[in-house]
Amino acid sequence: MSADVWSGRADAYRGAADQQAGDDLELLVSWAEGRTALDVATGGGHTAGRLREAGFDVVTLDPAPGMRADVLARAEDIPFADGSFDVITCRIAPHHFEDVGVAVAELARVSRDLVLVEDTLYEDERVEEAERLRDPTHVRSYSEEEWRGLFDAAGLTVEEIRVVEKSRPVDTWLERAGCTGAEAERVKELLGDRVAGGEYVDRKILLRGRKR
């Protein structure tokens, strides 16, 4: 069902301003090395597009047919051989993965060298409740310590971690996931002072890991 949900949201995510650009996206792309890249859970394809602009040969992967990825698959089941790509990217998606540990291990397995991940940073349980209410496909966000553990377990040495703030109009963010009415108001209440002036500001964690 989740893939159907995301297919239905595909156009909204392709046109989402906060997904299309930002310092976080530019940082992730600046970390990439090599020539070939696999963009996992590509969504609207914004990371893949920037990587192509930077000269990479990119294959996209996503489980939702509506996202128009090159390969239809989950992050937990990547259908490529070990070491198939110089760099693997995965941006603002792992909090939706059913088994994030398996997914990170798969990212590492198909990489020859680098794994670059960006995701929403865990803040507290009120924010987690808000995220699940806004979007039932949200599974969980993870702390820096948890991310370090996931990378280590997958055989990745963390070379750099950055945490950046990312802002978007809260009503647009809610509508993109079909969250309206009383549920939307409850989300805003749970988020508290993270919503100000009509903008929701959260923090993203970016990790650059190299295979050991």
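Some points to look at:
- A count restricted to the stretch 110-135 and to residues that are assigned to a strand (DSSP E or B) and either in contact with a His (Cβ under 6 Å, 6 or more places away or on another chain) or at positive phi (or both) stands at 2.
- Within the stretch 90-109, restricting attention to residues that are charged (D, E, K, R) and assigned to a helix (DSSP H, G or I), the residue that is nearest to the chain's Cα centre (by Cα) is Glu106.
- Among the residues examined, Arg203 qualifies as within 17 Å of the chain's Cα centre (by Cα), more than 30 Å from Arg35 (Cβ to Cβ), part of a strand (DSSP E or B) and of a type in the set (Lys, Arg).
- Residues that are surrounded by 15 or more Cβ atoms within 10 Å (Cβ to Cβ) and of a type in the set (A, V, I, L, M) within the stretch 165-195 comprise Val170, Leu174, Ala177, Ala184, Val187, Leu190, Leu191, Val195, listed in sequence order.
- Tabulated pairs, the stretch 136-157, first part of a loop (DSSP other than H, G, I, E, B), second polar (S, T, N, Q) and surrounded by 16 or more Cβ atoms within 10 Å (Cβ to Cβ), C-beta under 7 angstrom, 6+ apart or interchain: Ser141/Thr120
- Residues being loosely packed, with under 15 Cβ neighbours inside 10 Å and modelled with pLDDT of 95 or more - total across the stretch 133-145: 3
- The stretch 28-51: number of residues that are part of a strand (DSSP E or B) and under 11 Å from the mean Cα position of the chain (by Cα): 2
- All conditions but one from (1) closer than 18 Å to Asp119 by Cβ; (2) without any contact (Cβ under 8 Å) to a residue 60 or more places away in the chain apply to Arg176; the one that does not is (2).
- Test: residue in the stretch 112-129 that is in contact with a Gly (Cβ under 9 Å, 6 or more places away or on another chain), in contact (Cβ under 8 Å) with a residue 60 or more places away in the chain and either of a type in the set (Gly, Ala, Ser) or loosely packed, with under 14 Cβ neighbours inside 10 Å (or both): yes
- Test: Val71 is over 24 Å from His138 (Cα atoms) and either in contact with a strand residue (DSSP E or B) (Cβ under 9 Å, 6 or more places away or on another chain) or among the polar types (S, T, N, Q) (or both): no
- Restricting the stretch 196-212 to residues that are surrounded by fewer than 18 Cβ atoms within 10 Å (Cβ to Cβ) and aliphatic (A, V, I, L, M), the residue that is nearest to Arg91 (Cα to Cα): Val201
- Of all residue pairs spaced 6 or more apart or on separate chains, those with beta-carbon atoms under 7 Å, a first member in the stretch 90-108 that is within 19 Å of Lys204 (Cα to Cα) and a second member that is in a helix (DSSP H, G or I) and not aliphatic (A, V, I, L, M) are Arg91/Thr47; Val100/Pro94; Ala103/Pro94; Val104/Phe151.
- Checking Ala177 against (1) in contact with a Cys (Cβ under 8 Å, 6 or more places away or on another chain); (2) modelled with pLDDT under 95; (3) hydrophobic (A, V, I, L, M, F, W, C), the condition it does not meet: (1)
The values are calculated or read from the model by the stated rules, or taken from the named source; none is laboratory data. Bear in mind that the values here come from a model prediction, so they are computed numbers and not experimental data. Methodologically, a virtual Cβ is constructed for each residue, glycine included, from the backbone with ideal geometry; neighbour enumeration extends over all protein chains shown.
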